[in-house]
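Have a look at the structure below, then the notes.
The values are calculated or read from the model by the stated rules, or taken from the named source; none is laboratory data. Just so you know, these numbers come straight off a predicted model, no measurement behind them. FYI the Cβ positions are ideal-geometry reconstructions off the backbone, even for glycines, and counts take in every protein chain you see. What goes into the accessible areas is simple: the full protein's heavy atoms, side chains included, and nothing from ligands, DNA or RNA. Shrake-Rupley method; radii C 1.70, N 1.55, O 1.52, S 1.80 Å.
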Amino acid sequence: MLKVEDLWFSYGSKCVLKGVNFEHRNGVGCILGPNGAGKTTLLKCVCGILAPLRGKVSLNNIDILKLSFRDRAKIISYVPQEFNITFPYRVLEVVLMGRNPRINPLIGPRPEDEEVALKALELVGLKHLSERPFTNLSGGEKRLALIARALAQESKLMLLDEPTSFLDFKNKHLVLSLIRRIAHERRRLVLLTLHDPNLAYMYCDQVFLMKDGIVVDSGEPRAVITEEKISSIYDVDVKAIEIDGFRLILPRYNSFAKTLKLDACCMEVSMNDHRLCGD
Amino acid sequence: MGEELARYSIVFIVCALASLFVGRILFAPWNMTPIDKIVLLYIRLPRVVAAALAGAALGLSGTTFQNVFRNYLAGPSILGTTAGSAFGAAIAILAFPYSPLLIQLSAFAFGLMATIVAYGLARAVGSESMISLVLAGIVVSAVFSGLVGLIKYVADPYNKLPALVYWLLGSFAGTRWCDLYPALPPILIGICTMMLLRWMLNLISLGDEEAKALGVSVSLYRAVAVIAAVLATSASTSLAGMIAWVGIVSPHIARLAVGHDNRKLVPASALVGATLLLVCDDIARSLTPAELPLSVVTDFVGAPTLFAILIKRRFYRFA
């Protein structure tokens with residue numbers, strides 16, 4: 001169980017987290033919220049990249065803010081949104097780096113670590129690419145390889161920062177269903193951030209709504225992803241539709257025309273363009 | 001894993017053995033006069049050991065700097081480490097009576113300072129850009145080269161200047177065992193530390209956030225890596241002057257053969273650096289009746305080699 005209590009963080013004088021409180025018990029948890037709400041900052045504070053001003057983060061009653069980088073990496077893995085490597089390491093080498101907290105840093109990975117890395121690659125379906133340079137992979141494959149790296153880390157908690165960004169329509173679903181499978185079959189706790197409430201509804205067990213540096217609401221998707229709550233955190237008029245047991249949240253076009261206060265010229269164009277004039 | 005490394009080791013050993021018998025006095029191991037034996041043991045052997053160690057140190061420093069600064073173009077001369085060390089050594093030679101320990105210390109201190117200043121300048125110019133580190137290195141090198149020029153200007157033209165100039169041009173000529181000893185501890189400590197950090201360099205090269213998330217105390221390991229690289233570079237500089245190109249070319253040659261994983265790249269670039277500097281030193285002492293300055297040879301060998309590798313890398317990437 002991941003428990004975050006009264007977590008504060010600021011970049012210089014800009015306060016980004018203003019007392020975050022939530023509990024994530026099992027399965028896939030998703031943080032939803034507008035840009036700048038503090039989602040990424042929250043993940044970075046939990047995994048130790050950023051040091052919070054105050055607050056408490058505990059995983060199964062272990063205070064993780066007091067752990068060393070190495071001990072923390074044993075129980076928490078992090079999949080970043082963007083991953084720019086300078087040197088074109090092979091895919092297997094990138095995945096092997098996930099073994100770091102579990103090996104002697106002066107000796108490096110042993111053959112059995114290579115086995116673990118290969119198994120992780122097999123699980124995400126990239127074993128055939130293990131000898132390729134990481135930089136040659138497509139966006140979706142890169143994301144999968146990084147998930148394999150987090151798997152090789154064998155941590156209880158996996159954090160993923162926008163695992164669907166830059167992915168095409170199909171790959172978004174592929175990656176999320178893989179993450180869901182990992183969470184349920186391998187009994188990992190997963191916390192991720194998403195931009196699309198519909199994806200959160202389909203793949204997550206818990207949803208945390210975040211706005212202006214605090215978690216304003218949390219619960220099961222059915223209870224949290226509703227017309228009123230989504231429209232209030234994103235400040236947009238939305239409509240919810242129920243299809244095949246799923247609830248889809250769709251924005252209403254007119255609400256954007258109002259909120260954006262388009263200038264006269266743009267207005268004119270959009271009024272004349274019939275394709276844009278729907279409800 | 002070991003295949004390419006074994007091949008490199010063999011090439012290196014053959015080069016080292018051959019270097020013992022190449023020079024103004026050519027002789028064969030099966031037919032040595034007493035004079036040849038003295039040349040071998042007291043002139044050639046220390047020289048070969050010094051060149052191999054300095055080459056390995058420079059190759060390793062290049063690889064370490066490239067990973068720590070996440071930059072293909074980093075290397076001890078480009079960052080200004082060599083120029084800083086040279087200034088440190090020169091000022092120690094000029095200002096104090098000859099003391100090897102003082103030369104080492106001063107070379108290390110100024111080398112470290114130059115590296116840190118270059119990195120700080122690069123951060124100030126624009127943190128993540130490859131070119132800003134190179135530009136900062138050029139600035140730092142220029143300042144220290146200017147200072148070295150100043151030292152040359154004020155140096156006693158009869159006693160100290162010729163030795164200083166010849167040393168700055170770089171040479172292993174006249175390296176005796178007793179010259180080698182004071183440089184041995186720093187160079188060996190530097191080499192061993194960088195060898196031990198080879199797995200860590202992979203993680204450091206991912207950048208701060210990534211490395212932290214993978215359980216690395218980045219600032220500690222980065223500091224240790226930079227200090228080790230500067231220690232090795234400054235020791236090799238105080239041994240043989242400013243040796244250009246070996247530090248940046250060796251990692252690139254090694255990358256072509258063993259790839260980018262530092263577990264292989266680090267030992268490979270040490271072997272390549274050692275072999276390269278041995279060959280350059282052989283050329284320097286055998287090409288002309290008089291000794292050529294070593295940096296002249298490394299310039300002629302290193303610069304075109306780097307260019308060829310960059311071209312090849314380009315084709316490789318687009319193939």
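Just the residues that are among the β-branched types (Val, Ile, Thr) and within 21 Å of the chain's Cα centre (by Cα), please, taken from the stretch A:79-114.
Going residue by residue through the stretch A:79-114, those that are among the β-branched types (Val, Ile, Thr) are A:79, A:85-86, A:91, A:94-95, A:103, A:107.
Residues satisfying the conditions are A:Val79, A:Ile85, A:Val94, A:Val95.
Among the residues of the stretch A:72-86, just one is more than 8 Å from every other protein chain (Cβ to nearest Cβ) and closer than 11 Å to A:Gly98 by Cβ, namely A:Val79.
Examine the stretch A:113-130 for a residue that is out of contact with any Pro (no Cβ under 6 Å at 6 or more places or on another chain), among the small types (Gly, Ala, Ser) and within 10 Å of chain B (Cβ to nearest Cβ), and state whether such a residue exists. Walk me through how you get there before you give the answer.
In the first step, residues of the stretch A:113-130 are kept if they are out of contact with any Pro (no Cβ under 6 Å at 6 or more places or on another chain); the result is A:113-130.
Then drop every residue that is not among the small types (Gly, Ala, Ser), which leaves A:117, A:120, A:125, A:130.
Keeping just the survivors that are within 10 Å of chain B (Cβ to nearest Cβ) gives none.
Looking through the stretch A:113-130, none of the residues is out of contact with any Pro (no Cβ under 6 Å at 6 or more places or on another chain), among the small types (Gly, Ala, Ser) and within 10 Å of chain B (Cβ to nearest Cβ).
Test of understanding: among A:Asp161, A:Asp235, which residue is open to solvent by less than 10 Å² (accessible area, probe 1.4 Å) and either assigned by TED's automatic domain parsing to the domain that holds A:Lys74 or farther than 28 Å from A:Gly139 by Cβ (or both)? Working first, answer last.
Working: A:Asp235 fails: open to solvent by less than 10 Å² (accessible area, probe 1.4 Å).
Testing whether each residue is open to solvent by less than 10 Å² (accessible area, probe 1.4 Å) and either assigned by TED's automatic domain parsing to the domain that holds A:Lys74 or farther than 28 Å from A:Gly139 by Cβ (or both) leaves just A:Asp161.
Within the stretch B:63-80, if we keep just the residues that are open to solvent by 10 Å² or more (accessible area, probe 1.4 Å) and over 17 Å from B:Gly111 (Cβ atoms), the residue that is farthest from the chain's Cα centre (by Cα) turns out to be B:Arg70. Beta carbons closer than 9 Å, at least 6 apart along the sequence or on distinct chains, pair a first residue in the stretch A:73-95 that is open to solvent by 20 Å² or more (accessible area, probe 1.4 Å) with a second that is assigned to a loop (DSSP other than H, G, I, E, B) and of a type in the set (Asp, Glu) for A:Lys74/A:Glu154; A:Gln81/A:Asp161; A:Gln81/A:Glu162; A:Glu82/A:Asp161; A:Asn84/B:Glu128; A:Arg90/A:Glu131; A:Arg90/B:Asp261. Counting only helices (runs of 4 or more DSSP H) that sit completely within the stretch B:197-288, those holding 2 or more residues that are within 10 Å of another protein chain (Cβ to nearest Cβ) correspond to B:198-204, B:208-213, B:218-240, B:262-286.
Does B:Leu256 qualify as being modelled with pLDDT of 85 or more, surrounded by fewer than 18 Cβ atoms within 10 Å (Cβ to Cβ) and under 16 Å from B:Gly62 (Cα atoms)?
Details: modelled with pLDDT of 85 or more: yes; surrounded by fewer than 18 Cβ atoms within 10 Å (Cβ to Cβ): yes; under 16 Å from B:Gly62 (Cα atoms): yes.
For B:Leu256, the condition - modelled with pLDDT of 85 or more, surrounded by fewer than 18 Cβ atoms within 10 Å (Cβ to Cβ) and under 16 Å from B:Gly62 (Cα atoms) - is met.
Quick one: is B:Ser132 surrounded by fewer than 22 Cβ atoms within 10 Å (Cβ to Cβ), at pLDDT below 95 and in a helix (DSSP H, G or I)? So B:Ser132 passes the test.
Tell me whether the stretch B:49-62 contains one or more residues that are more than 24 Å from B:Asp261 (Cα to Cα), without any contact (Cβ under 8 Å) to a residue 40 or more places away in the chain and open to solvent by 30 Å² or more (accessible area, probe 1.4 Å).
The first filter runs over the stretch B:49-62 and keeps only residues more than 24 Å from B:Asp261 (Cα to Cα), leaving B:49-51.
Keeping just the survivors that are without any contact (Cβ under 8 Å) to a residue 40 or more places away in the chain gives none.
No, the conditions are met nowhere in the stretch B:49-62.
Considering the conditions (1) within 29 Å of B:Leu102 (Cα to Cα); (2) buried (at least 16 other Cβ atoms within 10 Å of the Cβ); (3) out of contact with any Ser or Thr (no Cβ under 7 Å at 6 or more places or on another chain), B:Met242 is excluded by exactly one of them, (3).
Any chance you could count how many residues in the stretch A:195-222 are among the aliphatic types (A, V, I, L, M) and in contact with a Ser or Thr (Cβ under 8 Å, 6 or more places away or on another chain)? Explain how you work it out, then say what you get.
Going through the stretch A:195-222, the residues among the aliphatic types (A, V, I, L, M) turn out to be A:199-200, A:202, A:207, A:209-210, A:214-216.
Narrowing the set further to residues that are in contact with a Ser or Thr (Cβ under 8 Å, 6 or more places away or on another chain) leaves A:199, A:207, A:209.
Residues that pass the stated criteria total 3.
Listed by position, the helices (runs of 4 or more DSSP H) contained in the stretch A:24-138 that have at least 2 residues being of a type outside the set (Lys, Arg) and under 22 Å from A:Asn171 (Cα atoms) are A:91-96, A:111-123. Is it fair to say B:Tyr153 is farther than 30 Å from A:Leu159 by Cα, at pLDDT below 90, out of contact with any Gly (no Cβ under 9 Å at 6 or more places or on another chain) and open to solvent by 70 Å² or more (accessible area, probe 1.4 Å)? Criteria met by B:Tyr153.
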